1. Can you pull out the residues in segment 45-62 that are surrounded by 15 or more Cβ atoms within 10 Å (Cβ to Cβ) and touching a residue at least 12 places away in the same chain (Cβ under 8 Å)?
2. Might you check whether a residue that is of a type in the set (G, A, S), out of contact with any Pro (no Cβ under 6 Å at 6 or more places or on another chain) and exposed (fewer than 11 other Cβ atoms within 10 Å of the Cβ) occurs anywhere in segment 9-30?
3. Quickly run through segment 40-69 and pick out the residues that are closer than 14 Å to A27 by Cα and touching a His at 6+ places or on another chain (Cβ under 6 Å).
Amino acid sequence: MENPVDNIIRNMKLPATPKRKELIQAAYEFAKKAHMGQKRRSGEDYITHTVETAVILAKLGMDSKTIYA
């Protein structure tokens, strides 16, 4: 299974600098911990929603601080 952070970074329009990667990884770890055990109505883990949102933001060309937020 692919690391969700790699999927976000791969979809970024901006260069994936080490600092940007670190910020996005930190955001993922925070969200994963904050949403641990939470499920969507579909039964999937809630973190899936936050990752999908981050991928959309990356595809739109948003910066890593926006994706982090």
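Derivation of every value follows stated rules applied to the coordinates shown; laboratory data play no part. All values reported here derive from a predicted model rather than from experimental measurement. Cβ coordinates were reconstructed from backbone atoms using ideal geometry, including for glycine residues, and neighbour counts include every protein chain displayed.
1. Here is the first cut: in segment 45-62, the ones surrounded by 15 or more Cβ atoms within 10 Å (Cβ to Cβ) are 45-47, 49-51, 54-55, 57-58, 62.
Those that are surrounded by 15 or more Cβ atoms within 10 Å (Cβ to Cβ) and touching a residue at least 12 places away in the same chain (Cβ under 8 Å): I47, T50, V51, A54, V55, A58.
2. So far as segment 9-30 goes, no, none of its residues is of a type in the set (G, A, S), out of contact with any Pro (no Cβ under 6 Å at 6 or more places or on another chain) and exposed (fewer than 11 other Cβ atoms within 10 Å of the Cβ).
3. At the first step, the residues of segment 40-69 found to be closer than 14 Å to A27 by Cα are 47-55, 57-58, 63-69.
Within segment 40-69, just I47 meets the criteria.
Residues checked against (1) part of a helix (DSSP H, G or I); (2) not polar (S, T, N, Q):
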residue: D6; (1), (2): yes, yes
residue: I9; (1), (2): yes, yes
residue: P15; (1), (2): no, yes
residue: I24; (1), (2): yes, yes
residue: K33; (1), (2): yes, yes
residue: S42; (1), (2): no, no
residue: T48; (1), (2): yes, no
residue: L57; (1), (2): yes, yes
residue: M62; (1), (2): no, yes
